[in-house]
Amino acid sequence: MNVKLIKLTKEYYSQLSEMIDEWKLDQEINHTNHAPWAIFKNDYHDFEYYLDNLEINEPKDGKVPDSVFFLLDVERNVLLGAVNIRHYLNDFLLQYGGHIGDGIRPSERGKGYATEMIRLALQECTKLGIDRVLMVCDKSNIASARTIIKNGGILENEYADEKGQIQQRYWIEIV
């Protein structure tokens, strides 16, 4: 597995459009969610605006500063997924979102990429001075829970969200 986290640049426009379009089609057909939300909040067709607004640099409107990375398969030059790292937790993120939001494009799921992406994201967390990481996932998302646990996640608790879905909160101590 030859993958790395990258920051998005103009040279990856076609790879991003292929990944986002695949994800949106899967959402329409299978009613899956879009995660991480950060890569779907703006229309990538206006790529300059998309790049300029991909990350939050200053806290505003309840949002905290974050970093967005894309998982690149180096050999195929294909974007496999993305991870959004929130630099600190506010009350909302402490309960519902955690430090890391992540997702792998539908055609690349089940191949171990999410586990590796989280591992790499934890290295980025260390660079940001985060040594204890909260990750939250829907209890029904067994694959997501598995990737969190493989990266050292310890289940703290479960709760029902506003839709009645059971959410799990995991903490990862970065050593």
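The values are calculated or read from the model by the stated rules, or taken from the named source; none is laboratory data. Predicted model only: the values in this text are computed from it and were never measured. So basically every Cβ, Gly included, is an ideal-geometry build from the backbone, and we count neighbours across all protein chains shown. For accessibility, only protein heavy atoms count, side chains too; no ligands or nucleic acids. Shrake-Rupley method; radii C 1.70, N 1.55, O 1.52, S 1.80 Å.
Here are some notes:
- Surface accessible to a 1.4 Å probe, per residue, for the residues of segment 107-173, Å²: 54 Å²
- Helical mean residue ellipticity (222 nm; -39500 (n - 2.57) per DSSP H run of 4+; nearest 500) of the chain: -8500 deg cm²/dmol
- For L25, neighbours were defined as the other residues whose beta-carbon sits under 14 Å from its Cβ, and their charges (Lys and Arg +1, Asp and Glu -1) total -3.
- For segment 89-175, a crude dipole built from +1 on the beta carbon of Lys and Arg and -1 on the beta carbon of Asp and Glu, taken about the Cα centre, is about 360 debye to the nearest 20.
- Volume per residue of the C-alpha convex hull in the chain, rounded to whole Å³: 122 Å³
- Solvent-accessible area, 1.4 Å probe, carbon plus sulfur percent, for the chain: 49 percent
- Angle in degrees between helix 13-30 and the longest Cα principal axis of the chain, rounded to the nearest 10: 60 degrees
- Computed over segment 1-94, relative contact order equals 32 percent, with contacts defined as Cα pairs under 8 Å that lie 6+ residues apart.
- Working from Cα pairs under 8 Å separated by at least six residues, relative contact order for the chain is 18 percent.
- Ranked by how many other beta carbons lie within 10 Å on average, peptides 158-164, 144-150, 77-83, 52-58 from highest: 77-83, 144-150, 52-58, 158-164
- Under the Karplus curve 6.51 cos²θ - 1.76 cosθ + 1.60, θ = phi - 60°, whole-Hz ³J(HN,Hα) for segment 43-57, x wherever Gly or Pro sits: 7, 5, 4, 8, 5, 4, 4, 4, 4, 5, 10, 5, 10, 9, 9
- The chain: antiparallel DSSP beta bridges as a percent of all, rounded to 5: 100 percent
- Of the peptides 98-108, 19-29, the order by per-residue mean of other Cβ atoms within 10 Å, starting with the highest, comes out as 98-108, 19-29.
- Couplings 3J(HN,Hα) of segment 161-167, computed from phi: 7, 5, 9, x, 7, 7, 10 Hz, in residue order, whole Hz [Karplus 6.51 cos²θ - 1.76 cosθ + 1.60, θ = phi - 60°; x for Gly and Pro].
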